[in-house]
Amino acid sequence: MTAALETFGLGKSYGRGGRAVSALGALDLSVPKGLVYGVLGPNGAGKSTLLRLVLGLVKPSRGGFRLLGESSIDARVLRRIGAMIEAPSLYPFLTARETLRALAHLSGLNDPAREEAVLERVGLSEAAHRRVRTYSMGMKQRLALGAALLARPELLILDEPTNGLDPPGIQEMRVLVRELVEKEGVTIILSSHLLDEVQKVCDRVAIINRGELVSEGRVSDLISGQGGFFIRAAPREKALAILGARARPQDDGLVVDIPPDAAPALIRELVGANIDVFEARWLTQSLERVFLSSMDQSQ
Amino acid sequence: MILDALKTELYKLSRNRWSAFWAFGFMPLFALGSGLVEQFFTHLYLGDIIPYAAPLQDSLGGLATLSTSIFQLCAIAGAAIIFGGEYRWETWRATLTRNDRIPVMLAKLMAFAIAVSVSVILCSLARFIVGLVDMSLTGEARWPSVGAGDIALAHLIAFTATLAQVMVTASFVMLVAVLSRAMTAAIVAALLTLVAIEIASIRGNGGGDPVWALFPNLAGAGIRQSGERMMGEVDTLLHGFALPGAGALILWFAAFTTVALVLFTRQDLSKE
């Protein structure tokens with residue numbers, strides 16, 4: 001199956017000669033279709049640059065990419081994509097309804113019913129007659145998302161989509177993103193610095209730092225197995241003596257660094273030594289810890 | 001693609017009513033209002049200096065309303081909104097993720113041409129109305145002795161000359177907007193350049209050396225005067241500039257537009 005996005009040594013530098021600043025190194029990435037792909041990184045890591053590059057807003061300094069199987073990005077390809085890049089960019093003198101109409105014209109669409117459906121979906125039907133300049137940040141964010149959804153895209157590129165949204169709005173966004181992927185088969189590339197949100201909504205992530213890819217994989221793989229095996233047992237000192245260097249105390253129990261298939265044998269070993277095991281479970285690694293660990297390794 | 005972009009531009013312009021009014025609607029109203037005030041003041045206070053009206057000469061003159069730098073200010077503001085607005089509102093990332101750069105920019109140029117054409121025609125209509133008012137106050141009118149075809153052709157030539165002249169200005173505004181990424185810079189640079197050109201070209205107003213036809217204001221005037229001659233005007237010192245002037249206007253327009261488009265297609269929109 002063709003990847004939604006493939007990059008080959010894609011990079012961007014601003015300025016020339018000794019004063020050139022690299023915003024993105026030489027990125028090799030493959031985003032499969034049909035899932036939510038998160039792009040993570042601290043401020044200035046190159047996330048937005050990557051998204052702007054693949055949308056043709058900035059020109060690459062090196063390397064190349066294929067978007068939806070196409071290496072030449074023109075309106076034909078762009079009309080299969082919905083994008084919301086950084087802060088919502090909207091015409092202040094238009095109402096929400098007029099904004100969607102103007103952008104629909106630009107995409108070659110003429111479907112007023114679709115525009116109304118999108119307004120309904122992003123919760124702006126009531127405020128659709130108001131000029132955008134009167135909107136709050138969250139409302140602008142919703143409208144920008146609606147604009148991205150307008151053309152029923154195969155691929156949705158969302159840069160910090162939850163910026164400015166209140167907690168219910170973030171929850172709605174999460175549900176919407178999952179619905180789009182699971183019910184409509186849309187591929188979503190999403191950049192965010194809200195790691196908890198990414199963990200909840202993304203299937204796969206790439207972690208970028210200083211323009212370089214430092215980690216990539218399925219979220220479930222990245223966060224599983226790395227947190228250790230937690231055991232609450234008594235007497236704890238006796239258990240600690242048996243497990244030796246493999247274990248370290250944590251809270252009222254012990255955390256043991258073992259591979260997943262070694263857990264049954266470990267429990268048998270403790271029980272065989274007359275130790276009472278009250279609790280045994282795998283600690284899941286949070287994406288935040290994976291992220292911070294990746295950042296440390298890339299420094 | 002270009003028609004989609006043109007539809008968008010015209011739609012945005014129709015919804016940005018206040019800006020559109022000042023850019024394209026104000027000058028016709030000003031031409032009408034100032035003309036009426038002038039007529040009533042002349043007839044009621046000064047007396048009839050010229051004892052007859054000439055409504056068709058007035059409408060022909062009205063087509064030149066937007067040809068001088070100060071009156072082009074409105075059109076320059078309109079062009080700056082169209083070409084510089086996306087930089088100001090940072091909306092390139094909403095538009096250029098739906099359509100290609102060249103069709104989008106050319107559509108802006110076309111939208112401006114349509115809007116300014118309406119403005120030029122309304123200016124002419126306004127002056128024609130003023131001429132009719134003049135006729136009713138004076139009680140006498142003179143009509144050109146040439147046929148309707150020549151009158152229409154003269155108007156068409158004058159309209160085309162003014163449109164071409166304003167389009168050169170618009171292409172310059174587009175270039176400055178792309179270079180500076182700022183609406184205000186486009187307005188200021190274009191207006192000051194036009195004023196400077198007008199001052200620098202004063203000596204060319206008598207005609208003669210065709211090199212003066214390189215100045216867009218003299219080129220436009222030369223083309224218009226060739227039309228005026230068809231309606232019996234005799235004071236047409238610049239009509240010899242018509243042909244080289246037309247060439248110069250096309251050249252300027254093509255040069256500014258090409259440079260702007262080349263720069264725009266290569267431009268990194270890292271903020272907008």
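Restricting region A:67-166 to trypsin sites (Lys or Arg not before Pro) that sit in a DSSP loop and have at most 16 other Cβ atoms within 10 Å of their own Cβ leaves A:Arg80, A:Arg130. Summing charges over all other residues whose Cβ lies under 15 Å from the Cβ of A:Leu240, with Lys and Arg as +1 and Asp and Glu as -1, gives -1. Electrostatic tally near A:Asp251: other residues with Cβ closer than 12 Å to its Cβ, Lys and Arg +1, Asp and Glu -1, net +1.
Once the Cβ-Cβ distance of A:Phe8 and B:Leu125 is raised to the sixth power relative to R0 = 56 Å, the FRET efficiency obtained is 0.40. When chain B is treated as a GNM with alpha-carbon contacts under 10 Å, the residue of B:His43, B:His239, B:His155 showing the greatest mean-square fluctuation is B:His43. So which residue, out of B:Gln57, B:Gln72, B:Gln39, gets the largest mean-square fluctuation from a GNM of chain B using Cα contacts under 10 Å as springs? Comparing B:Gln57, B:Gln72, B:Gln39 in a Gaussian network model of chain B, the most mobile one is B:Gln39.
222 nm [θ] for chain A, helices only, -39500 (n - 2.57) per DSSP H run of 4+, per residue, to 500?
That comes out to -10500 deg cm²/dmol.
Kirkwood hydrodynamic radius, computed over distinct alpha-carbon pairs, for chain A: how many Å, to one decimal? It would help to have the intermediate numbers written out before the result.
Details: mean 1/r = 0.0462 Å⁻¹.
That comes to 21.6 Å for chain A.
For A:Arg236 and A:Glu184, the FRET efficiency from 1/(1 + (r/R0)^6), where r spans their Cβ atoms and R0 equals 41 Å, is about 0.20.
Over region A:226-297, with a single point scatterer placed on each C-alpha, what log10 of the ratio I(q)/I(0) does the Debye formula yield at q = 0.13, 0.24 1/Å? Debye output, listed in q order: -0.39, -1.04.
Under a 10 Å cutoff between Cα atoms, tell me which one of A:Thr134, A:Thr49, A:Thr95 has the largest fluctuation in the Gaussian network model of chain A. Result: A:Thr134 has the largest fluctuation of those listed. Multiplying each eigenvalue of the alpha-carbon gyration tensor of region B:142-258 by 5 and taking the square root yields semi-axes of 29, 16, 12 Å, largest first, rounded to whole angstroms.
How much FRET efficiency would the formula 1/(1 + (r/R0)^6) give for B:Leu3 and A:Asp28, where r is the Cβ-Cβ distance and R0 is 41 Å, rounded to 0.05?
Working: r = 39 Å, r/R0 = 0.96.
Approximately 0.55, to the nearest 0.05.
Summarising the overall dimensions of the protein assembly as shown from its C-alpha atoms, the Rg and Dmax are 33.4, 125 angstrom.
Remind me, relative contact order of chain A in percent, using alpha carbon pairs under 8 angstrom and six or more residues apart?
Worked out over chain A, it gives 20 percent.
So what's the angle, to the nearest 10 degrees on a 0 to 90 scale, between helix A:287-298 and the longest Cα principal axis of chain A? Orientation of helix A:287-298: about 90 degrees from the principal axis. If the limit is 25 Å between Cα atoms, which of A:Lys59/B:Lys108; A:Lys12/B:Lys12; B:Lys12/B:Lys271; A:Lys183/B:Lys7 go over it? Exceeds cut-off: A:Lys12/B:Lys12; A:Lys183/B:Lys7. Using only the C-alpha atoms, the convex hull of region A:84-202 corresponds to 95 Å³ per residue. Note on chain B: semi-axes of the ellipsoid equivalent to its C-alpha gyration tensor, largest first and rounded to whole Å, are 36, 21, 16. Grab the other residues whose beta carbon is less than 13 angstrom from that of A:Ser22, score K and R as +1, D and E as -1, and report the net. Result for the neighbourhood of A:Ser22: +4. Using just its DSSP H runs of length 4 or more, each adding -39500 (n - 2.57), chain B gives a mean residue ellipticity at 222 nm of -24000 deg cm²/dmol after division by all residues. Using the alpha carbons alone, the radius of gyration of region A:88-149 stands to its Kirkwood radius in an Rg to Rh ratio of 0.91. With 0.36 nm allotted per residue and the present C-alpha distance subtracted, the A:Ser136-A:Arg289 stretch has 51.8 nm of extension available. When only the Cβ of Lys, Arg, Asp and Glu is charged (+1, +1, -1, -1), the dipole of the protein assembly as shown relative to its Cα centre reaches about 660 debye.
Taken together, the values in this text are just the output of simple stated rules run on the coordinates, not laboratory data. Just so you know, these numbers come straight off a predicted model, no measurement behind them. Backbone-built Cβ (ideal geometry, glycine too); neighbour counts: all protein chains shown.
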